[in-house]
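The values are calculated or read from the model by the stated rules, or taken from the named source; none is laboratory data. Just so it is clear, the structure is predicted and the values come from calculations on it, not from any experiment. Calculation scope for accessible area: heavy atoms of the full protein, side chains included, ligands and nucleic acids excluded. Shrake-Rupley method; radii C 1.70, N 1.55, O 1.52, S 1.80 Å.
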Amino acid sequence: MAEDMTMPPEGKLVYRLLTGKDDDAFCRRVSEALAMGYTLYGSPSISFNGEHPIVCQAVLWSGQRKAAIGE
């Protein structure tokens, strides 16, 4: 039986905004979201908190994105 990909795994939201220090851990979190089935949504943003760069990237569950654009 095919897995229902219209909704994210239990406990996960359709839309997520990942934020954090610009480092390997942040990149790993984004990579894990992509491997789970999320797609990038929009461009990443970067700011500086006085100590180090802070980045954010929105991700959208791919099943919802496909439904939204009629695929």
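Structure summary
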read-out	value
Solvent-accessible surface (1.4 angstrom probe) belonging to residue 46, in square angstrom, nearest 10	110
Stretch gain in nm, segment residue 22-residue 54, where the contour uses 0.36 nm per residue and the Cα spacing is subtracted	11.0 nm
Residue-span extension gain [residue 47 to residue 32] - 0.36 nm each, minus C-alpha spacing	3.1 nm
